[in-house]
Amino acid sequence: MASIAVVVLAAAAAWACVSGPVVNLSTVKAKAGDTVTITGTGFRLTDPVQVRFNALDGPVIAELAKPDNQTITASFVVPPGTQPGNYVIIVTQARAGNLTLSPIRAVMTVVGPSGQSPVLGAATTSDTTDRMPGLLRSDNSVGNGTLALVALGVAGVGMFAAGIAALATSRRGGTTAAPVRVTTKG
C-alpha cells in the first residue's frame, strides 16, 4: 500500500496544476482612449510589474514598483488611434532585465467610436515604431527540474501499471495441476 501511495504522489507531482499569477480587466471591450483597470493576484513581492500593449516588447502602458501582498491594481489608457480589433494586454515581472515569471496575458477588444465590434478578420495595427528594440527573445529550453518531474511521473505511471499487473496476476483464481507421482518398477 505504501508503494502505491509513493507512486500516486510522484505522478501527482509530475502532472500537478500549479497556479500562477492571473489578471483580470475591468472591461473586455473598450474604445481607443478609454481607461481600463487591470487587477491581478499571485505576483512576486519583490519584482517590478510592467503592463504592455499587444506584444512582449510593446509599449509600456502601466508600471508598478512592486506588488502589494502579491496583488496588483493599475489603470491604463487604450492608446489613442488604436484601430478596432483584438489586442493582448501582457503583464510581466523582471529582475535585472530577466523575466521572473511567464508573461500573463489578457485579451481585450477595441471597438469603434460608436461601439461597433471590429469586422471579423480585419487587420490590426502592426506599427512597431514605439517598441523598444531587442526585448523580444526566444528561449525554448526546458529546465532540468521540469525534465526530472516528467521522468519521475513516467516512472511512477510505469510502476503503477506494473503493480496493478502483479496484483491482478496474484489474485487470478485458477486451478493448479496435481503433483505428478513418479513410480519406479523394480
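Excluding residue 84 itself, calculate the net charge of residues whose Cβ lies under 13 Å from the Cβ of residue 84, where each Lys or Arg counts +1 and each Asp or Glu counts -1.
Values: positive: 29, 31; negative: 34.
Here the charged neighbours net out to +1.
In terms of surrounding Cβ atoms within a 10 Å radius of their Cβ, 114, 3 rank from fewest to most as 114, 3.
I want the local charge near residue 63. Using Cβ-Cβ distances under 13 Å, sum +1 for each Lys or Arg and -1 for each Asp or Glu among the other residues.
On the way: positive: 52, 66; negative: 47.
Once positives and negatives cancel, what remains is +1.
Annotation for the stretch 16-69 versus the stretch 92-120: alpha-carbon center distance of 8 Å. Within the shell of other residues whose beta carbon sits under 14 angstrom from the beta carbon of residue 111, the net charge comes to +1, with Lys and Arg scored +1 and Asp and Glu -1. With a/c under 1.5 counting as rounded, go ahead and sort the stretch 20-111 into rounded, prolate or oblate using the C-alpha gyration tensor (a ≥ b ≥ c being the square roots of the eigenvalues; past the cut-off, prolate if a/b is larger than b/c, else oblate). Prolate, since a/c reaches 1.5 and a/b exceeds b/c.
When the Cα positions of 96, 21, 70 are compared along the charge dipole of the stretch 20-111, 21 comes out farthest toward the positive end, with charges on each C-beta of Lys, Arg, Asp and Glu.
No value in this document is a laboratory result; all are computed from the given coordinates. Given the structure is predicted, the values throughout are model-derived calculations rather than measurements. Note that each Cβ is placed from the backbone with ideal geometry, even for glycine, and that neighbours are counted across all protein chains shown.
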